[in-house]
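The block underneath contains the structure these notes are about, expressed in structure tokens.
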Amino acid sequence: MSHVFLSVIDALPDGAAAGFDAEVNGEQVPLLALRRGAEVRVFHNVCPHAGRRLEVAPGRFIIDAGTVMCAAHGACFTIPAGDCIAGPCRGQRLREVPSEVRDGALWVDAGR
């Protein structure tokens, strides 16, 4: 199993979202890291409602009341779980990418 370095944890603001592009399973994909305290989870940066990236501009996310909002249609996803709690895809969730925090750094499973 191969891993790709995304960021040092200290560079990820608590309660926020950070965007990255990384190679996963042989494809370049947009990723989203969500952090709440010591917990960090990584997801595909794609809204399950319409398949668009969540950010309003590259690397700029709308954060409100512990959620990250899809800039296209207003779906709200919890930080760090990625569950949709409001909007057109309520009850769905962001597609998670296996990740781990090791030695103060965030790594994702690159697949093959």
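The values are calculated or read from the model by the stated rules, or taken from the named source; none is laboratory data. Keep in mind that this is a model prediction, so the values were computed, not measured. Neighbour counts are summed over all protein chains in view; Cβ atoms, including those assigned to glycine, are modelled from backbone coordinates with ideal geometry.
What's the number of the condition ALA50 fails, among (1) hydrophobic (A, V, I, L, M, F, W, C); (2) surrounded by fewer than 20 Cβ atoms within 10 Å (Cβ to Cβ); (3) at pLDDT 90 or above?
The single condition ALA50 does not satisfy is (3).
Got a sec? Which strands (runs of 3 or more DSSP E) wholly within the range 64-112 have at least 2 residues that are under 17 Å from ARG41 (Cα atoms) and among the β-branched types (Val, Ile, Thr)? Give the steps one after another, and end with the answer.
Working: elements: 67-69, 76-78, 84-86, 99-102, 105-111.
Those strands (runs of 3 or more DSSP E) span 67-69.
Take LEU54 and tell me if it is in contact with a strand residue (DSSP E or B) (Cβ under 9 Å, 6 or more places away or on another chain), outside any strand (DSSP E or B) and of a type in the set (A, V, I, L, M). Let's see the steps before the verdict.
Values: in contact with a strand residue (DSSP E or B) (Cβ under 9 Å, 6 or more places away or on another chain): yes; outside any strand (DSSP E or B): yes; of a type in the set (A, V, I, L, M): yes.
The answer is yes for LEU54.
State yes or no: is ASP83 at pLDDT below 95 and surrounded by fewer than 20 Cβ atoms within 10 Å (Cβ to Cβ)?
Numbers: at pLDDT below 95: no; surrounded by fewer than 20 Cβ atoms within 10 Å (Cβ to Cβ): yes.
Considered against the rule, which asks whether it is at pLDDT below 95 and surrounded by fewer than 20 Cβ atoms within 10 Å (Cβ to Cβ), ASP83 comes out as no.
List pairs: first residue in the range 2-17 and of a type in the set (Asp, Glu), second residue surrounded by fewer than 12 Cβ atoms within 10 Å (Cβ to Cβ) and in a loop (DSSP other than H, G, I, E, B) anywhere in the structure, Cβ distance under 9 angstrom, at least six positions apart or on different chains.
If the second residue must be surrounded by fewer than 12 Cβ atoms within 10 Å (Cβ to Cβ) and in a loop (DSSP other than H, G, I, E, B), the pairs left are ASP10/GLY104; ASP14/GLY37.
So if I check each of PRO88, PRO30, which one is free of Cβ contacts under 8 Å to residues at least 40 places away in the same chain and within 14 Å of the chain's Cα centre (by Cα)? Give the derivation first.
Numbers: PRO88 fails: within 14 Å of the chain's Cα centre (by Cα).
After applying the criteria, what remains is PRO30.
Listed residues ALA38, ALA18, ALA75; which is surrounded by 17 or more Cβ atoms within 10 Å (Cβ to Cβ) and either basic (Lys, Arg) or touching a helix residue (DSSP H, G or I) at 6+ places or on another chain (Cβ under 9 Å) (or both)?
Values: ALA38 fails: surrounded by 17 or more Cβ atoms within 10 Å (Cβ to Cβ); ALA75 fails: either basic (Lys, Arg) or touching a helix residue (DSSP H, G or I) at 6+ places or on another chain (Cβ under 9 Å) (or both).
On inspection, the qualifying residue turns out to be ALA18.
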